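First the structure, in the form of structure tokens, and then the observations on it.
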Amino acid sequence: MQAGEFIEGLRRDFLLTTDDLKKIAEDFHGEMRRGLAGGRSSLKMLPSHIDCATGGESGDFLAIDLGGTNLRVLQVNLCGRGKARIERVRKFRIPESATHGRGEDLFDFIAKSIGVFTKKTGAVRRMGFTFSFPFEQDGAASGRLIGWTKGFSATGVVGRDVAALLRDAFHRNSVDKIEIAALMNDAVGTLVAGSYTDRRCDIAAIFGTGTNACYRERAAGIGKLKKSPADEGGHMIVNIEWGNFDRLPLNRYDLALDAETINPKCQIFEKMISGMYLKKIAAKIIEDMILQKIIFGGRIPARLADDFGTGDMSAIELDRAKGLPKTRSILRRLGAANSSTDERKAIRDVCNVVSGRAARASAAALFAVVTWIDPGLADRHTLAMDGTLFEKYPKFKGRVSAALKDLDPNKSSNIRMIHAKDGSGIGAAIAAAVAAKKSSNLFCDMSIRGTR
Ligand code: BGC
């Protein structure tokens with residue numbers, strides 16, 4: 001078989017027509033409905049007990065953001081009027097031993113990093129904690145981990161309250177006087193941050209190592225809430241955990257990839273669209289082309305499976321120069337010393353097909369969430385987006401917009417995507433401010449009641 005014929009077949013395997021996208025969005029609604037009611041669903045629809053920001057929150061707060069590869073610790077100054085400033089930020093690379101070892105070690109690592117950071121920050125002690133995994137919450141400052149994603153596997157954490165685990169680690173490591181005022185998912189943090197600056201912002205999505213989204217829901221619409229909607233304040237953000245959505249047309253590469261992961265049959269949507277997996281799908285396809293002796297004379301480059309990254313995919317897609325020199329040097333690094341221009345073009349096509357499907361599938365899910373809130377797309381909605389795929393992958397945003405247009409040619413202009421850079425960290429600080437205000441109001445209420 002020739003490369004051209006292979007790529008044509010691949011395009012067919014990865015094609016998502018507009019009808020497919022509509023079907024995905026429709027199925028997504030069904031899963032949202034069941035998830036909110038507490039029924040069986042691939043969408044966990046987790047109540048966050050945190051609402052969007054008003055823009056008026058103010059003060060100095062600490063924030064930590066535990067996501068994929070790094071822990072970020074930030075000191076944030078909220079100026080009110082929708083303005084926030086990151087005063088200091090430091091990234092700590094999470095060691096493998098912490099992500100795959102004992103949970104205690106992971107939390108000790110977090111506590112120590114915060115200890116190092118706060119040596120310089122002094123008085124700021126109220127903290128928002130962004131934890132980029134699925135967890136169940138009864139209130140805004142605690143949450144039990146449901147299961148790890150993105151390749152994490154630290155033991156002794158699933159089923160436990162991660163805020164309590166961090167507090168224990170603070171004690172073990174003599175990190176004093178830090179109060180975890182709010183705990184939230186990164187998508188939730190991003191929406192809080194987006195709504196701080198833009199009152200039309202009611203959805204956030206992350207397209208990074210992992211993927212997820214959340215939106216603002218009426219408390220009355222969340223059937224599985226234990227407290228009455230009024231006690232829950234009328235509205236709250238729901239963490240969809242859309243990475244686990246599974247009503248999707250999968251092809252042989254998706255199935256092969258899923259079978260090799262540590263969480264087979266879970267996070268199916270994430271495995272189709274997020275940074276951690278796109279490179280693996282692309283590497284699988286390239287390997288298949290090689291095994292079929294379509295390229296590289298049947299020899300698989302030694303470092304293809306382990307070293308090929310999403311950054312490489314971006315660079316290859318951007319490689320428009322004659323002879324694709326950038327692609328050539330990436331292939332050399334992976335162990336393919338000699339490649340022809342046609343072979344390099346075929347590799348670029350593979351990247352294009354894989355990332356193109358990811359963008360279209362992402363658009364279908366985003367469309368589902370916006371039309372859940374506003375079925376006729378009558379109002380304008382701002383979507384706060386973050387993650388390297390959204391920020392850095394060439395044409396990702398444009399392809400998502402184009403697919404949204406396919407889904408609703410007349411009204412898709414009501415959907416505005418903004419890049420909420422550092423949203424989850426800033427959002428954590430804002431949520432900590434909201435919690436601080438609530439506890440001081442509670443204190444006032446109690447002291448007023450006490451004097452009566
Ligand atoms: C996690 C989500 C998270 C997303 C983006 C997924 O793997 O399950 O909780 O929001 O990654 O970081």
Q.
Between 194, 189, 234, which is at pLDDT below 95 and more than 30 Å from residue 285 (Cα to Cα)?
A. 234
Q. Of the residues 427, 398, which single one is crowded, with 24+ Cβ neighbours inside 10 Å, among the small types (Gly, Ala, Ser) and at pLDDT 95 or above?
A. 427
Q: Could you list, in sequence order, all residues of segment 359-395 that are open to solvent by 60 Å² or more (accessible area, probe 1.4 Å) and basic (Lys, Arg)?
A: 380, 392, 395
Q.
Quick check on segment 180-192. Is at least one of its residues closer than 25 Å to residue 262 by Cβ and either of a type in the set (D, E, K, R) or without any contact (Cβ under 8 Å) to a residue 40 or more places away in the chain (or both)?
A. yes
Q | Residues located in segment 163-172, provided they are in contact (Cβ under 8 Å) with a residue 60 or more places away in the chain and within 30 Å of the chain's Cα centre (by Cα) | A | 165, 168, 169
Q: Select the helices (runs of 4 or more DSSP H) contained entirely in segment 262-356, then report the ones holding at least 3 residues which are within 16 Å of the ligand (Cβ to nearest atom) and not aromatic (Phe, Trp, Tyr).
A: 268-273, 275-291
**Q.** Selection within segment 343-400 - of a type in the set (Gly, Ala, Ser) and in contact with a strand residue (DSSP E or B) (Cβ under 8 Å, 6 or more places away or on another chain)
**A.** 362, 365, 384, 387
Q | Odd one out for residue 342, checked against (1) surrounded by 14 or more Cβ atoms within 10 Å (Cβ to Cβ); (2) more than 30 Å from residue 235 (Cα to Cα); (3) of a type outside the set (Lys, Arg) | A | (1)
Q | Which numbered condition residue 296 misses (of (1) open to solvent by less than 30 Å² (accessible area, probe 1.4 Å); (2) under 30 Å from residue 52 (Cα atoms)) | A | (2)
(Q) Of everything in segment 1-17, what is open to solvent by less than 40 Å² (accessible area, probe 1.4 Å) and either under 17 Å from residue 403 (Cβ atoms) or touching a Leu at 6+ places or on another chain (Cβ under 7 Å) (or both)? Give them in sequence order. (A) 14, 16
Q. For residue 104, are the conditions met, namely being modelled with pLDDT under 95, among the acidic types (Asp, Glu) and away from the ligand (no atom under 16 Å from the Cβ)?
A. no
Q: For residues that are over 27 Å from residue 282 (Cα atoms), open to solvent by less than 50 Å² (accessible area, probe 1.4 Å) and of a type in the set (Asp, Glu), tally how many sit in segment 18-32.
A: 1
Q) If you go through segment 245-260, how many residues are open to solvent by 30 Å² or more (accessible area, probe 1.4 Å) and either away from the ligand (no atom under 16 Å from the Cβ) or in a helix (DSSP H, G or I) (or both)? A) 8
Q) What strands (runs of 3 or more DSSP E) completely inside segment 33-134 contain at least 2 residues that are open to solvent by 20 Å² or more (accessible area, probe 1.4 Å)? A) 58-66, 70-80, 83-93
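The values are calculated or read from the model by the stated rules, or taken from the named source; none is laboratory data. Computed from a prediction, not measured in an experiment: that's the story for all the values here. Counting neighbours? That spans all protein chains shown, and the Cβs are built from the backbone with ideal geometry, glycine included. Calculation scope for accessible area: heavy atoms of the full protein, side chains included, ligands and nucleic acids excluded. Shrake-Rupley method; radii C 1.70, N 1.55, O 1.52, S 1.80 Å.
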